[in-house]
Amino acid sequence: MIFLPFETIDNCWKSMENIDIDNVPELVNTLGKEQPYMLAYLMANGNDILSRQEHETFFFMGVMIWQIVKRSVLSIPEISDAMLEKYEEKNFSMLEYLDGESETEFNDTVRIIMDKYHQAELLQYIIERLMEEPDKWVDIDSDNMGIIVIYLKTIIDCLDAKIPPKN
């Protein structure tokens, strides 16, 4: 598996963050052709609990994750629906486990998880961008921030599992 360093992530983000609105449909169409289950996951998840703005932010972040990985490794085998379900279930189980811990235990466990997480730089980068959203007039409810992170981590986990090993 290929580790995505901060510089690569940041360069990809900066090249994409001001994308012309006219290019978005083509980008989404390409995502649908290359990763149809991921597109369905981005479109369907959170509709019942996230506001329109929160869902748009989640969708945007998911597309950005896909672009960062795609631009870094060029070719990503298709993610399956079963794979998305498997990683989402693992992430929700982790969240339930963390929910029962004290604040100190929670922080210690999260630190351990992040130290061992293969794409920690990417996940941390995405979380930092999410934290900036209120400054961009997107009000993300604190209760919904966790679910958005779980959904985005699920996408990162799936893409990471599909990244071909470096030759």
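Every read-out reported here was derived from the displayed coordinates using simple, explicitly stated rules and does not represent laboratory data. This is a predicted model, so every value here is computed, not measured.
Summary table
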| read-out | value |
| --- | --- |
| Percentage relative contact order, the range 16-82, counting C-alpha pairs under 8 Å, at least six apart | 40 percent |
| Long-range lysine pairs (8 or more apart or interchain), the range 1-142, Cα under 21 Å | 5 |
